[in-house]
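Reading through the structure tokens given below for one structure.
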């Protein structure tokens, strides 16, 4: 069963790293889980942004809007599949968010390798994933 945690932006962004003594190897509470998942997701988000920026620097001006559109479409797809607002709660399916972000990191990494080796395929730059 997929883990579902209620996460608010304020909790994720406002939690100082020193506020948690719990180890992510053995989280003790639901709040420990949120903290640990947030750490993992923030690292994945950094990797995603690094790949996106590297690819934007590599491609031509005419290809940038295509990649930007693909990225925006991916964000919309991720939000549609992994996020739900229910009354006053914001629900993020963490397993979905992690898997979706890892897949996008790999997709962008593959585009980087492709662009460096054989040139960029503009059609692929606009896709959400390999499908």
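Read-outs throughout are calculated quantities, based only on the coordinates presented, and are distinct from any laboratory measurement. Since we're looking at a predicted model, the values are computed, not measured. FYI the Cβ positions are ideal-geometry reconstructions off the backbone, even for glycines, and counts take in every protein chain you see.
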### Task
Output the Cα-based Rg and Dmax of segment 80-131 in Å, rounding Rg to one decimal and Dmax to a whole number.
15.1, 49
### Task
Compute the length gained on full extension between residue 84 and residue 103: take 0.36 nm times their separation in residues and subtract their Cα-Cα distance, giving the result in nm to one decimal.
4.8 nm
### Query
Sorted by average packing, counted as other Cβ atoms within 10 angstrom per residue and highest first, what order do 70-83, 23-36 take?
70-83, 23-36
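Quick check on packing: order 107-118, 89-100 by the mean number of other C-beta atoms within 10 Å, highest mean leading. Don't skip to the answer; put the middle values down first.
Numbers: 107-118: 15.2, 89-100: 16.8.
Per-residue Cβ counts within 10 Å, averaged per peptide and sorted highest first, yield 89-100, 107-118.
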### Task
Note down the Stokes-Einstein diffusion coefficient of segment 20-100 in µm²/s, whole number, using a Kirkwood radius over alpha carbon pairs, 4 °C, and 1.567 mPa s.
87 µm²/s
### Task
Quote the relative contact order of segment 26-106 in percent (integer), defining contacts as alpha-carbon pairs under 8 Å separated by 6+ residues.
35 percent
